[in-house]
Amino acid sequence: MGVKIRQGPGGASASSACYRAADREGERTTANRERFNFMSEILRLSNISKTFPGVVALQNISFDLNEGEVHCLCGENGAGKSTLIKILSGAYQPDEGAEILFEGKPVVLNPHLAMSLGIQTIYQEHVVFETLSVMENIFAGAEIVKRGFLQKAEMRRQTLGVLKYLKSGLSPDAKMGDLNSSGQKIVEIAKGLIFKRRAIILDEPTASLSSVEIENLLDIIETVKNSGLGIIYISHHLEEVFKIGDRVTVLRDGRKVSQHEIAGLTKTTLIKDMVGRDPSTFYRREKVPIGEVVFEAREVNGNGARDISFTLRRGEILGIAGMAGSGRSELMNVLFGSARLDFGEILINGKVVKHSNPEKAIRNKMCFITEDRQNTGLFLPQTIAQNVTIANLVNTREFVVHSRDDAETGDKFVKQLAIKTPNSQTRAVELSGGNQQKVVLAKWFNTNGEIFIFDEPTLGIDVGSKQEIYKVMVDLLKQGKAIIMVSSDMPEVISMSDRVIVMKNGEKMAELTTEEISEENILTYSIGHKEI
Amino acid sequence: MSEPAKRKSLFQRHENLRVLSIFIGFVIIIVLLQLITEGTNRFPTFISPVNLLNILQQVGVPGIVAIGMTIVMISGGIDLSVGMLASLVSIVTATGISKWHIGVVPSILAGIMTAVVLETIMGYIISRTKVEPFIITLGGMITFQGMALLLCNSREVIMNRELDFLKVNLIQGARDPFNHLSLIIPPYVLIFFLIALLGGLLLNYTKYGRRVYAVGTSPQAAYLAGINVQNMKLSVYIIMGFLVGIGAVMLLARVNTGIITLGQGLEIDSIAMVVIGGTALKGGKGNIVGTLIGVFFLGSIGNAMNMLRLPSEVQFVAKGLVVIIAVSAGDVSTRISGFLSRRKELRWRAEQRAAKGESVESTK
């Protein structure tokens, strides 16, 4: 890196931004002169693999990024996009044999080096200082300092300059916490420009934006791209990919499937590349005769869900598919009464019910196995017995409860669900993910519920326990119960569901019958082709 | 071949044993010190029946408040206002008796009701907003102090021994077999034990108790398990108000004067007792037996210092150190036992692997 100029005696971090930028400018011109043959290449990754204990997240990926281009990354949930980004930002180290070239030179990335080389990652969740201003956020940790004093005027001048260049109306003095997600993204992009970053990685930047904001952001990305930066763009929305992308790389199950120039590419080709799993990853489930309607949602609105209607019958699993952020869990909370139902009706056994809180939902025989097992499903420091009996307190009349009865109930479920522990006096925190999930199930079985909502039933659970949980779900169906299953695990949705509802942006895009359920159909609807 | 059952240390299985053993160690040290300084021919005064009953009298009122504080803290809350609330209650009751002349029982009821109503208001704010209970009750503490001072015009309210029936000696005539001093058990000591018993039963054997623990462990999970988290949080403060009311009347009976300093430091003492007893500040963990140990432990420190003829200033240092030691001992012992069990498991795995390796070779 360039020579760091220290100003003032106490200015440890005083290597001022403008000087650093000037240094890099100089360096780049020399570098360009040296290798004018492929001067536009910023990054080249080859042979990238990443294994976690028990999981191969990435396998032999190659990827490259040029100056002035938007290179998109596409793939389903769990295809390996996030892992690849984390390697690029230095958060993960790839397995041995990987090669990363930055402007032709081999590098071993760590978060600090990635930053100083000029690779900036803008994550979906913002890491910002909410109480500081836009300007202070941009210069946080790299303030322009002269003799120990902040050069606010200079910092404001630079901030204003960049915001103007991006045609953004943001004020440098606005509080970061007051901006919406779109504004915060723009500030981070502005930061990338001020510090003359070389590459910006955007992870799902449009996830929670309105359509006007998306347009605005895409325009800004176009501007940034034209100023010579390389952009890696990750999105579930194919429209955006086709609008601003130059090239696209498709990942599936940790492998690189294809790389295309966007020009001349059709959406169908892209979707074909994204689907096509190995059939051995599918579970074969036993079908159960389907009975009468037990649950019905009529134009349910609230918590982000819009006009959702569906019916649920005894003995069936209704899968709810969609990309992350499509409003599936939000809808489940409305159905269970843990989020407000703005309007619409919920019917159980043909009768309209009002779930103003979960207590009423439980009385109406509903059960909700949440996505976040550790925080909303379990009482981690408490014993299995205590966890199993807590929800059924709603249905008990007696004020006095006996620990011995609780222990008996707990032990019964430990045996019934084969929870691996000596007895029900083990604390939930000491169990593995799969066994913890079984405790959550036991908690709901104990309430004698009829309608089960499973939100990501096997998230973070090993393969063996997954099969066991699937078996338990089928057993529920055999007892005439009904299941709504939200899942981002494509094989799970396809192999377990009798019908599938696909959601996007809080809306129901399609309802697929057993015959229509396929990876291609689900993916097509979840990335935005509305059923006509 | 099953994995060896994870053996937990004795202290982990019976959480109260840890602080109990520290307490017993403390008692032994004091007794030994007394034997050394005063010779072995006299029975150590620290553990003489008359002194033990004396300690009970001293801890009775803070003990009652500590029972309430245990419930509040298990639910994830805290109450800093109890000290000043007790002062306010004592002044209300004393004023009722000696200035308004509304009779003894109505005055006592007025005092207790004051506490219940004020705690209900705080509990309502705490349960309906996201403001930390620490801050709300801190505000309550200052407000109650002001209310108390306004009511008594910053003067003390002296009574005419109307509440003496609360401190009659229940075992009149009993004498200490060692030094022949008369033994005293006033009614409020019994009330303290009764409340402790009820508190223990409530937390351990009722639906309500289960829910208190659930709310303290994880409010979100509790809500999704059908618990009305807001009302649970409100209810613990109502219970607290009732117990502070009772405690304050007892305190008033002891000193016969309603005065602002009466409840001073009560919040610190009761919180210290509860945390010594193993209740976690973040909620979800703790029990009444632990709190009882904490009550006796903290109560006996000052007394022991007196027995050893140490200046009273030393008491604060000792009390503070006991809080620190009792609370951090838990973490230290968990770390040690965690380390030991990990090592054991690794060794077991290694043995398994070795055994498997051998069996593979033998089949070849």
Out of all the residues in segment A:418-447, which are surrounded by fewer than 19 Cβ atoms within 10 Å (Cβ to Cβ) and away from chain B (no Cβ under 13 Å)?
A:Ala418, A:Gly433
Based on this model, can you work out whether A:Ala391 counts as of a type outside the set (Phe, Trp, Tyr), facing chain B (nearest Cβ under 10 Å) and in contact (Cβ under 8 Å) with a residue 40 or more places away in the chain?
yes
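Do the conditions hold for A:Leu378, that is, is it facing chain B (nearest Cβ under 7 Å) and surrounded by 14 or more Cβ atoms within 10 Å (Cβ to Cβ)?
yes
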Only residues that are over 18 Å from B:Phe23 (Cβ atoms) and not hydrophobic (A, V, I, L, M, F, W, C): list them for segment B:34-47, please.
B:Thr37, B:Glu38, B:Gly39, B:Thr40, B:Asn41, B:Arg42, B:Thr45
Determine if segment B:249-272 includes at least one residue that is in contact with a helix residue (DSSP H, G or I) (Cβ under 8 Å, 6 or more places away or on another chain), within 14 Å of chain A (Cβ to nearest Cβ), in contact (Cβ under 8 Å) with a residue 24 or more places away in the chain and part of a helix (DSSP H, G or I).
no
Filter segment A:332-351 for residues that are away from chain B (no Cβ under 14 Å), within 21 Å of A:Trp444 (Cβ to Cβ) and touching a Leu at 6+ places or on another chain (Cβ under 9 Å) and give the result.
A:Ile346
Going through segment B:33-88 one residue at a time, which ones are under 14 Å from the mean Cα position of the chain (by Cα), among the aliphatic types (A, V, I, L, M) and at pLDDT below 95?
B:Leu56, B:Val59, B:Val61
Take the conditions modelled with pLDDT under 95, closer than 21 Å to B:Leu266 by Cβ and not small (Gly, Ala, Ser) and apply them to B:Val157. Does it pass?
yes
Please indicate, with yes or no, whether at least one residue in segment A:243-257 is in a helix (DSSP H, G or I), among the charged types (D, E, K, R) and outside the structural domain of A:Ile346 (by TED's automatic domain parsing).
yes
So which residues in segment B:180-216 are among the hydrophobic types (A, V, I, L, M, F, W, C), farther than 27 Å from B:Thr114 by Cβ and more than 10 Å from every other protein chain (Cβ to nearest Cβ)?
B:Leu181, B:Leu183, B:Ile184, B:Ile185
Criterion: modelled with pLDDT of 90 or more and closer than 20 Å to B:Val50 by Cβ - qualifying residue of B:Val289, B:Val295
B:Val295
Options A:Ser488, A:Ser465: the member that is hydroxyl-bearing (Ser, Thr, Tyr), surrounded by fewer than 22 Cβ atoms within 10 Å (Cβ to Cβ) and not in a loop (DSSP other than H, G, I, E, B)
A:Ser465
Over segment A:207-239, the set of residues β-branched (Val, Ile, Thr) and either assigned to a loop (DSSP other than H, G, I, E, B) or out of contact with any strand residue (DSSP E or B) (no Cβ under 8 Å at 6 or more places or on another chain) (or both) is A:Val212, A:Ile214, A:Ile220, A:Thr223
For the condition more than 9 Å from chain B (Cβ to nearest Cβ) and in contact with an Asp or Glu (Cβ under 7 Å, 6 or more places away or on another chain), what is the one hit in A:Lys354, A:Lys365?
A:Lys365
Out of segment A:52-92, which residues are in contact with a Leu (Cβ under 8 Å, 6 or more places away or on another chain), part of a loop (DSSP other than H, G, I, E, B) and either polar (S, T, N, Q) or within 22 Å of A:Glu125 (Cβ to Cβ) (or both)?
A:Gly75, A:Glu76, A:Ala79, A:Gly80, A:Ser89, A:Gly90
Taking the conditions exactly as written (among the β-branched types (Val, Ile, Thr) and at the interface with chain B (Cβ under 8 Å from one of its Cβ atoms)), does A:Thr383 satisfy them or not?
no
Looking at (1) crowded, with 22+ Cβ neighbours inside 10 Å; (2) in contact with a Lys or Arg (Cβ under 9 Å, 6 or more places away or on another chain); (3) within 14 Å of another protein chain (Cβ to nearest Cβ); (4) touching a residue at least 12 places away in the same chain (Cβ under 8 Å), can you tell me which one B:Pro219 breaks?
(1)
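The values are calculated or read from the model by the stated rules, or taken from the named source; none is laboratory data. Given the structure is predicted, the values throughout are model-derived calculations rather than measurements. Positions of Cβ are generated from backbone atoms using ideal geometry, with glycine treated the same way; all protein chains shown enter the neighbour counts.
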